[in-house]
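A.B. asks: So that we are looking at the same thing, I have put the structure below in structure tokens.
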Amino acid sequence: MKTTAATLLALCLIPCLACEDESSTKQPNVGLDSDFGSQDASPSDTSVVTIVDANTQMDAAVDAQTVDAAVTPDASFVEPVVQAPDGCTLGSSQHVAPEVAGVPTQGLVLWLRSDQGVYKYSDNAVCAWVDHSGSGHVLKSQSRPASPTYSIENGSEWPVIHFMGGSKELSVSGVLGIAAQSGRTFIAVQKLVNTAGRLQAIIQGKMDSPGTYLSIDTNPFQTVGKREGAYVTNNAYDSSLEASTGWRLHNFLIGPMVIGTPILPAVSYRVNSIETILTRTPGGLGNMNFEDFSGANFTAVGRGVSGSDFYLIEVLEYDHRLSAAEVAKVEDALMRRYGIPANSLTENGRCGAAWQDLHDLAGDRDLGPQERHKEKQGLHHLRDG
């Protein structure tokens, strides 16, 4: 018998009605970032469906059971020359090749891992994080007081880069050689300590502009509160997923950014391999369409505001929107490496799996971006009644 959306919806709702989020009321705006300037109200877009995260405590997720823990480091890799301040030295020269680590290599322009390429002072303040994609980028802190910290969380074998408070980002000029309006994919493995602070695990944009940015954005501008989200050229989006203190894999896929065309049909924001629904917040100067990104002049990881507190353990960027096969490969590699369970955004995984199947029903057919977006909207309206 052919599986239908209605059948999968029924399978999903039966076990998950009891696990819907009880805190559905809106919360005050939190963690607004002055870097985005003063922004006017804009109309909202799309309906929202809540995905429940019952795995908020995953302190043991980062352990020795990894994809490449036993892999011999690649001795042929040559570390880029880093003009580091006096007293800031390379903590580890280990390099594992991307293909050995299980991540796609085509179009990989940035690959940061906390166990390789980290330059730090004796007090573990990080002055630079070296890209191991082969592109040779070096992301640096603004100063020693404005540096994140290298640490081992809860005795884990995996180190983390700890960003606490504002202005602790690591950055590099330019956008890694990607053409202004080209698609790209941002990926980050992060864990929040404070779920209310605004932060961008990875961001590209035009310095000091009101809103010429692309980013994975936790608690975006004028969020309903404690939400994972994204930001695209003057448009802030809350996702359907509440922020969490558990380890999460964020995957933000952006297609070609044709100026003046709708954003949502061209993007996908996934957390722990589950696609979320993006909803335009009231803030921002944009009109839900792509804007000119030619002025973008920096790339940064770990950007936060006062009160933000979080860990990063791995960050990647690709120069294109990853294909379905590439998404499956990178998500499988990273979730296995850091012990993040599949379908871990629900109470028992069943609803997450069924809900993903609903998306697959829409995605498997040969639809254009606009039609696929409309189909997915219809599935969410069906679930919400």
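The values are calculated or read from the model by the stated rules, or taken from the named source; none is laboratory data. Keep in mind that what you see is a predicted model, and the values were worked out from it rather than measured. Virtual Cβ from ideal backbone geometry, glycine too; neighbours counted across all protein chains shown.
A.B. asks: Inspect the range 317-327 for any residue being touching a Phe, Trp or Tyr at 6+ places or on another chain (Cβ under 7 Å) and within 16 Å of residue 202 (Cβ to Cβ) and give the result as yes or no.
C.D. replies: Yes, the conditions are met somewhere in the range 317-327.
Here is a yes/no grid of residues against (1) under 20 Å from residue 340 (Cβ atoms); (2) surrounded by 24 or more Cβ atoms within 10 Å (Cβ to Cβ):
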residue	(1), (2)
216	yes, yes
221	no, yes
224	no, no
235	no, yes
248	yes, yes
252	yes, yes
261	no, no
277	no, no
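A.B. asks: Next question. Got a sec? Which of 171, 151, 182, 167 is among the polar types (S, T, N, Q), closer than 25 Å to residue 271 by Cβ and either under 16 Å from the mean Cα position of the chain (by Cα) or modelled with pLDDT under 95 (or both)?
C.D. replies: Among 171, 151, 182, 167, only 151 is among the polar types (S, T, N, Q), closer than 25 Å to residue 271 by Cβ and either under 16 Å from the mean Cα position of the chain (by Cα) or modelled with pLDDT under 95 (or both).
A.B. asks: Are any of the residues in the range 152-161 in contact (Cβ under 8 Å) with a residue 24 or more places away in the chain, assigned to a strand (DSSP E or B) and either in contact with a Gly (Cβ under 9 Å, 6 or more places away or on another chain) or loosely packed, with under 14 Cβ neighbours inside 10 Å (or both)?
C.D. replies: yes
A.B. asks: Also: Being within 23 Å of the chain's Cα centre (by Cα) and of a type outside the set (Val, Ile, Thr) is the filter here; which residues of the range 112-133 pass it? Steps first, please.
C.D. replies: From the range 112-133, those within 23 Å of the chain's Cα centre (by Cα) are 112-118, 126-133; that's our starting set.
Hits for the range 112-133 are 112, 113, 114, 115, 116, 117, 127, 128, 129, 131, 132, 133.
A.B. asks: Inspect the range 109-128 for any residue being at pLDDT 95 or above, buried (at least 24 other Cβ atoms within 10 Å of the Cβ), closer than 26 Å to residue 257 by Cβ and touching a Pro at 6+ places or on another chain (Cβ under 9 Å) and give the result as yes or no.
C.D. replies: Looking through the range 109-128, at least one residue is at pLDDT 95 or above, buried (at least 24 other Cβ atoms within 10 Å of the Cβ), closer than 26 Å to residue 257 by Cβ and touching a Pro at 6+ places or on another chain (Cβ under 9 Å).
A.B. asks: Identify, from the list 226, 168, 206, the residue that is closer than 21 Å to residue 294 by Cβ and either basic (Lys, Arg) or touching a residue at least 24 places away in the same chain (Cβ under 8 Å) (or both).
C.D. replies: One residue alone meets the criteria, 206.
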